[in-house]
Amino acid sequence: MGLYSSLIGRKFKHIAGKKYEDIMKHYREFLLTEEEKQIPEIRSILMPLDRYVKNIPLELYETISAYEASVLLVYILDAQVFELVRQTLSPEASEEFRRKEEVMGEELLNNVAKKLESYGLKVQRRMFFGNKSDDVIRMAENYDMLAISKNYGSEITKTSSLSPLVLKIIQHLEIPVIVY
């Protein structure tokens, strides 16, 4: 913990004595290390989108623009859902569902890209079939930050303020994450 620990230790050495050492030992995982105090350099941001991402707050655009990073907007069409629709209804119904989802995805990608570009950011767009959580986790390894909606993958409920997919994703990443 370096400098801060020694300063705190000297300041409270006569007041708390052994009690302070016990607190430091028991709550070590909640205190920042010197490496964690370093602000990472953000050059690239991954921003996954889907049908559940409705309103992106203006503050997110402003925050992302402060980094002057390139942004990849990715719309992942859930391959398992399309296969399920194909098996339960028909191949035609699955194809119609795919077309509607692609149109909705393109519209969302274009709207968000225009907004980010208006803040002077370089934006790339990508749409593909895949697994919404596994592909985001895999892709995030090549980015400095993830910006993800709390609704990504499913609607939020009264009992949980984050979708289960978002929880899974952020638990597997070691990069900074903005959940909006």
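The values are calculated or read from the model by the stated rules, or taken from the named source; none is laboratory data. This structure is a prediction, so every number in the text was calculated from the model and none was measured. Every residue, glycine as well, gets a Cβ built from its backbone with ideal geometry; the counts of neighbours run over all protein chains shown. Surface accessibility is based on the protein's heavy atoms, side chains included, excluding ligands, DNA and RNA. Shrake-Rupley method; radii C 1.70, N 1.55, O 1.52, S 1.80 Å.
Some values worked out for this structure:
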quantity	calculated
Residue in the stretch 86-97 that is buried (at least 17 other Cβ atoms within 10 Å of the Cβ), in contact with a helix residue (DSSP H, G or I) (Cβ under 7 Å, 6 or more places away or on another chain) and either of a type in the set (S, T, N, Q) or modelled with pLDDT of 95 or more (or both) present	yes
Lone qualifier among Lys150, Lys100, Lys114 - being closer than 17 Å to Leu46 by Cα, open to solvent by 40 Å² or more (accessible area, probe 1.4 Å) and assigned to a helix (DSSP H, G or I)	Lys114
Residue that is farthest from the chain's Cα centre (by Cα) [pool: residues in the stretch 153-180 that are open to solvent by less than 70 Å² (accessible area, probe 1.4 Å) and β-branched (Val, Ile, Thr)]	Ile156
Residue tally, condition at pLDDT below 95 and either open to solvent by less than 10 Å² (accessible area, probe 1.4 Å) or not in a strand (DSSP E or B) (or both), over the stretch 122-133	3
